[in-house]
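The values are calculated or read from the model by the stated rules, or taken from the named source; none is laboratory data. This is a predicted model, so every value here is computed, not measured. Here the Cβ positions follow ideal geometry from the backbone for every residue, glycine too, while neighbour counts run over all protein chains shown.
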Amino acid sequence: MADTRPGAMSRIIRWIDYRLPFVAALNHELNEYPTPRNLTYWWNFGSLSGIVLVVMIVTGIFLAMQYTPSSEAAFDSVERIMRDVNYGWLVRYAHSSGASMFFAIVYIHLFRGLYYGSYKEPRQFLWILGVIILILMIATAFMGYVLPWGQMSYWAATVITNLFSAIPLIGQSIVTFLWGGFTVGDPTLHRFYALHYLLPFIIVAVVGLHLIALHRFGSNNPLGIDAKGPQDTIPFHPYYTIKDLFGLAVFLLIYAFFVFYAPNTLLSPDNYIPANPMQTPNHIVPEWYLLPYYAILRAVPNKLLGVIMAFGSLFILFFVPWLDRSPVRSARFRPVYKWVFWLLVIDVVALGWVGANPPEGIVVTVGQIATFYYFLHMLILLPLVGKLERPRPLPSGIGAAMLGGGARLGAAGSPMAKP
């Protein structure tokens, strides 16, 4: 007969934990983990992205049970999911809207890191892993966009995969390999389906490394200064678990609005037309979260140079920790960098607008200017501002700053009188 006395389960857990310290590790990393006491709601987006990733994997598994990766049956299988499978419409809309939510959250998370200098010493590898996650997300999202096998799916796959043909000598061979033949068709769909299913689990693995790197040196904070003792930190639980739960509740309201009331707002109407290789859509566009890269691609007349710049706009993010040499992390204390940062935000929004519109008239000009500024910002302004800017004095500590007292330090670490 099983032991039902109080404490029996805890003894079992202690027995297991002594031999495999999983519970102890979770308690240390999630409960006792010392966190800067001044984190704002901008720090909610890291945990939110992890939750949405789980939602995407779970809904994706259920969709995979009903989807048929065949050029002749893919479109009809999606329609069957929507019409005949119990709650299939809910799973599909949760998945398609979840992709947009996922990218929106990660982009906010990324720009928050840029604003508060979360990529600086000693968190460079944390930043690099974040960029790797973004690249894997883009690859996963593109392959998922192809799976419904509508008009926009088919032609987006044709256009994007054809970009590799610009690579000298081996370009056409790469395209043939991606297609699995000499045109986008059944083998292409099978390959994209397999990779779209696999890549999210690779993302989970990289997210695990991202968390390990985060907990190695702790979270950055709005002041951009390191915690110097217990007066600067609080346990993650219950303070930030409650804060994250409130942020999650607000997010779920927004997410539910798109799932139940506006599921097609962020989707292309052309994707509700079956793929037709003989009829090209008037304007081929990717999903909104890929529009800035698409705008950079189209801004350059030379195909090879456009491909290099589009991919370069992503890969340049790897070098941000070394391009920005300012000793101060947070833009709160960098008056020039703060303005430059907001110019970058405006520039990326402009690139998104350019990518969403046909390349004609003023759109072409804006696209070229915005592309030029993006690389100007990363390669010229970021190093120049970091070298020439005179930051404001830093607080002596997180606790002192929150209490409004304590000495202040200059950007180079020299003591300064409190203003």
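Tabulated data for the structure shown
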quantity: Single condition Ile296 does not satisfy, out of (1) in contact with a helix residue (DSSP H, G or I) (Cβ under 6 Å, 6 or more places away or on another chain); (2) without any contact (Cβ under 8 Å) to a residue 60 or more places away in the chain; calculated: (2)
quantity: Boolean, Pro359 is in contact (Cβ under 8 Å) with a residue 60 or more places away in the chain, more than 20 Å from the chain's Cα centre (by Cα) and not in a helix (DSSP H, G or I); calculated: yes
quantity: Every pair of residues 6+ apart whose Cβ atoms lie under 8 Å, when the first sits in the range 222-240 and is in contact (Cβ under 8 Å) with a residue 60 or more places away in the chain while the second is of a type in the set (A, V, I, L, M, F, W, C) and part of a loop (DSSP other than H, G, I, E, B); calculated: Pro222/Leu39; Gly224/Val328; Thr233/Ala227; Tyr240/Leu39
quantity: Residues of the range 162-185 that turn out to be in contact (Cβ under 8 Å) with a residue 40 or more places away in the chain and surrounded by fewer than 15 Cβ atoms within 10 Å (Cβ to Cβ), as a count; calculated: 2
quantity: Number of the condition not met by Trp342 [criteria: (1) farther than 18 Å from Phe319 by Cβ; (2) part of a loop (DSSP other than H, G, I, E, B)]; calculated: (2)
quantity: Any pair with Cβ under 6 angstrom, 6 or more apart, that starts in the range 250-266 at a residue that is over 14 Å from Ser96 (Cβ atoms) and ends at one that is hydroxyl-bearing (Ser, Thr, Tyr); calculated: none
quantity: Selected residue (criterion: surrounded by the fewest Cβ atoms within 10 Å (Cβ to Cβ)) from residues of the range 362-419 that are at pLDDT 75 or above and part of a loop (DSSP other than H, G, I, E, B); calculated: Arg390
quantity: Matching entry among Val85, Val52 (being of a type outside the set (Ser, Thr, Tyr), buried (at least 17 other Cβ atoms within 10 Å of the Cβ) and under 28 Å from Leu344 (Cα atoms)); calculated: Val52
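Yes/no matrix, rows are residues, columns are (1) within 23 Å of Ile398 (Cβ to Cβ); (2) of a type in the set (A, V, I, L, M); (3) in a loop (DSSP other than H, G, I, E, B):
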position: Leu110; (1), (2), (3): no, yes, no
position: Ile128; (1), (2), (3): no, yes, no
position: Gly144; (1), (2), (3): no, no, no
position: Ser173; (1), (2), (3): no, no, no
position: His196; (1), (2), (3): no, no, no
position: Ile203; (1), (2), (3): no, yes, no
position: Leu211; (1), (2), (3): yes, yes, no
position: His215; (1), (2), (3): yes, no, no
